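Notes follow once the structure below has been shown.
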Amino acid sequence: MSLTDILTPSDIAAALRDCQAPDSFSPKKFFQISGMSKKSSSQLKEIFRILDNDQSGFIEEDELKYFLQRFECGARVLTTSETKTFLAAADHDGDGKIGAEEFQEMVQA
């Protein structure tokens, strides 16, 4: 399964266009524009599984840096400050990584 099986290519493209400039990425805005915030819990679990590149059950900081590239291979890499802000916003238990439940809470907030 791919992200385009869950999200429309046009919504993904619009979300990526919105954050093309360095330091313009807002997770909440990206989730809304891409349509992720309207998806069911099971769909968000599948999205999380796709984004968890190493299938560890967590999205770590090094995976977050390449978050946008999981949606489109030519997308930019998140800046260090965007990555740290994204991680801090989702990492509720302070373990330095985002679990599936934390991801879902952030998307649906």
- By the Cα gyration tensor axes a ≥ b ≥ c (a/c under 1.5 gives rounded; else a/b larger than b/c gives prolate, otherwise oblate), the shape of the chain is rounded
- Item | ³J(HN,Hα) computed for each position of region 40-50 - Karplus, 6.51 cos²θ - 1.76 cosθ + 1.60, integer Hz, glycine/proline x | 6, 4, 5, 5, 5, 5, 5, 4, 4, 4, 5
- Residues whose built amide H sits under 5 Å from the amide H of Gly35, excluding neighbours closer than 5 in sequence, are none
- For region 18-25, in residue order, the Karplus 3J(HN,Hα) values (coefficients 6.51, -1.76, 1.60; θ = phi - 60°; whole Hz; Gly and Pro = x) are 5, 10, 5, 6, x, 6, 10, 6
- Which percent of the accessible heavy-atom area of region 7-108 goes to carbon and sulfur, probe 1.4 angstrom? 50
- Rounded to whole Å², per residue accessible area for the chain with a 1.4 Å probe reads 53
- Net charge, Lys39 excluded, C-beta distance under 10 Å - Lys, Arg +1, Asp, Glu -1: +1
- Considering only protein heavy atoms, with the full assembly of protein chains and a 1.4 angstrom probe, order Met1, Met106, Met36 by accessible area, largest first. Met1, Met106, Met36
- Report the accessible area of Thr80, computed with a 1.4 Å probe over the heavy atoms of all protein chains in place, in Å² rounded to the nearest 10. 100
- Message: For the chain, what does the relative contact order come out to in percent, with C-alpha contacts under 8 Å and a separation of six or more?
- Response: 26
- Only loop residues by DSSP count here, and only those with at most 16 other Cβ atoms within 10 Å; note down the GluC sites (Glu not before Pro) in region 63-104 that meet that. Glu72
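The values are calculated or read from the model by the stated rules, or taken from the named source; none is laboratory data. Everything numeric in this text was worked out from a predicted model, so none of it was measured. Every residue, glycine among them, receives a Cβ derived from its backbone with ideal geometry; neighbour counts consider all protein chains shown. Ligands, DNA and RNA are stripped out before the accessible areas are found, and what is left, the full protein with its side chains, is counted by its heavy atoms. Shrake-Rupley method; radii C 1.70, N 1.55, O 1.52, S 1.80 Å.
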